[in-house]
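The next block holds one structure in the form of structure tokens; read it before the comments.
The values are calculated or read from the model by the stated rules, or taken from the named source; none is laboratory data. Bear in mind the structure is a predicted one, so any value in this text is a computation, not a measurement. No Cβ is skipped: glycine too gets one built from the backbone with ideal geometry, and neighbour counts run over all protein chains shown. Note: accessible area is taken over every heavy atom of the protein model, side chains too, but ligands, DNA and RNA are not part of it. Shrake-Rupley method; radii C 1.70, N 1.55, O 1.52, S 1.80 Å.
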Amino acid sequence: MLMRLQSKNKSSTSLDDLKSRLPLEANLMIKRSSTRNKWSNHLKGAASEARKNIRVYSLYRSAMATSRIEAWPGSYCDTKKSCCYPTTGKPPSDFGIHGLWPNYKDGSYPSNCDPNNSYDQSKISDLISRMQQDWATLACPSNSGSTFWSHEWDKHGTCSESVLDQHSYFRAALNLKSKIDLLQILQSAGINPDGGFYSLSSIKSTISNAIGYTPYIECNVDEDGNSQLYQIYVCVDSSGSNLIECPVFPRGKCGSSIEFPSF
């Protein structure tokens, strides 16, 4: 009988203990749940950041080429929509930089890669005078060029920011223009911006022989419907410094004989 009483008392005591501990256990469960939620949110944030870093790393591993594009101002202006000289005056009669665009191997390209790294002209103040000459805008209404440069950085430059910051991006494009004088290359072969027509093959081979790599020629159409030399693409590596063969060219079509208008 004594043993039964002890057993009953032990059972009764355990039940009382359990009842007294319920609020504590409940609080512990809530705390644990809160901690799990905090860790979950932390891990989600870390995973998101990791995915972003992987995307950026993958971008630069797969963006094996960067297109450097120069446009002939005479062809930009000799269209139905015409053009407007920048507020700094008429640009030189020379090819002008359009952009430096990171590309994927299949010819597609990333864009607007970092909305938190917007164009900041104060970071390139020492390059502005060169850009006004070599990277001028002909868009209407007439402007200083900052809108054009901002567009190029925000859309294309931010996709190279792990290699080239804003200053390096614009400087690389300017240095490439100084390194490769397309107008001089063409004129040395008798291909002049005089409104004459020249074979597409001779333009391509002249540039290719001079730089050692195949260019892509983009044409547009003048007011009379004639195909004319508009833009020339060459490719560089992701550093923006060394010429390479373009893995793929944009889609487009030029006539076999194209006009090289004056400016």
Checked pairs for segment 148-164, first over 16 Å from T137 (Cα atoms) and in contact (Cβ under 8 Å) with a residue 40 or more places away in the chain, second part of a loop (DSSP other than H, G, I, E, B) and open to solvent by less than 10 Å² (accessible area, probe 1.4 Å), C-beta under 7 Å and 6 or more apart or across chains, list as L164/G240
Just one listed residue, out of Y198, Y169, is among the aromatic types (F, W, Y) and open to solvent by 30 Å² or more (accessible area, probe 1.4 Å), and it is Y198
Exactly one of S142, S125 is in a loop (DSSP other than H, G, I, E, B), among the hydroxyl-bearing types (S, T, Y) and over 19 Å from R68 (Cβ atoms), and that residue is S142
Residues of segment 69-107 being touching a helix residue (DSSP H, G or I) at 6+ places or on another chain (Cβ under 8 Å) and of a type in the set (K, R), in sequence order, are K105
Across segment 94-121, the tally of residues that are outside any strand (DSSP E or B) and open to solvent by less than 60 Å² (accessible area, probe 1.4 Å) stands at 11
Looking across segment 83-110 at residues that are touching an Asp or Glu at 6+ places or on another chain (Cβ under 9 Å) and not aliphatic (A, V, I, L, M), the single one that is nearest to S160 (Cα to Cα) is W101
For segment 209-238 the number of residues that are touching a residue at least 60 places away in the same chain (Cβ under 8 Å) and farther than 21 Å from K253 by Cβ is 3
Condition first: of a type in the set (D, E, K, R), assigned to a helix (DSSP H, G or I) and out of contact with any strand residue (DSSP E or B) (no Cβ under 7 Å at 6 or more places or on another chain). Can you find one or more residues in segment 172-179 that meet it? yes
Restricted to segment 211-263 and to residues being in contact with a helix residue (DSSP H, G or I) (Cβ under 8 Å, 6 or more places away or on another chain), farther than 20 Å from P102 by Cα and not in a strand (DSSP E or B), the residue most open to solvent (accessible area, probe 1.4 Å) is S256
Counting only residues in segment 172-195 that are closer than 22 Å to G225 by Cα and in contact with a helix residue (DSSP H, G or I) (Cβ under 9 Å, 6 or more places away or on another chain), the one most open to solvent (accessible area, probe 1.4 Å) is identified as N192
- Task: With the condition kept exactly as written, say whether any residue in segment 95-107 is small (G, A, S), at pLDDT below 95 and closer than 19 Å to G240 by Cβ.
- Result: yes
Exception for D194 within (1) touching a residue at least 60 places away in the same chain (Cβ under 8 Å); (2) under 24 Å from the mean Cα position of the chain (by Cα) falls at (2)
Of the residues in segment 122-145, those that are closer than 28 Å to K80 by Cα, over 17 Å from the mean Cα position of the chain (by Cα) and open to solvent by less than 50 Å² (accessible area, probe 1.4 Å) come to M131, D134, A136, T137, L138, A139, N143, G145
Picked from segment 146-166 (must be among the β-branched types (V, I, T) and open to solvent by 10 Å² or more (accessible area, probe 1.4 Å)), the residue farthest from the chain's Cα centre (by Cα) is T147
For segment 197-208, check the following and say yes or no: at least one residue is touching a residue at least 12 places away in the same chain (Cβ under 8 Å) and either in a loop (DSSP other than H, G, I, E, B) or within 18 Å of the chain's Cα centre (by Cα) (or both). no
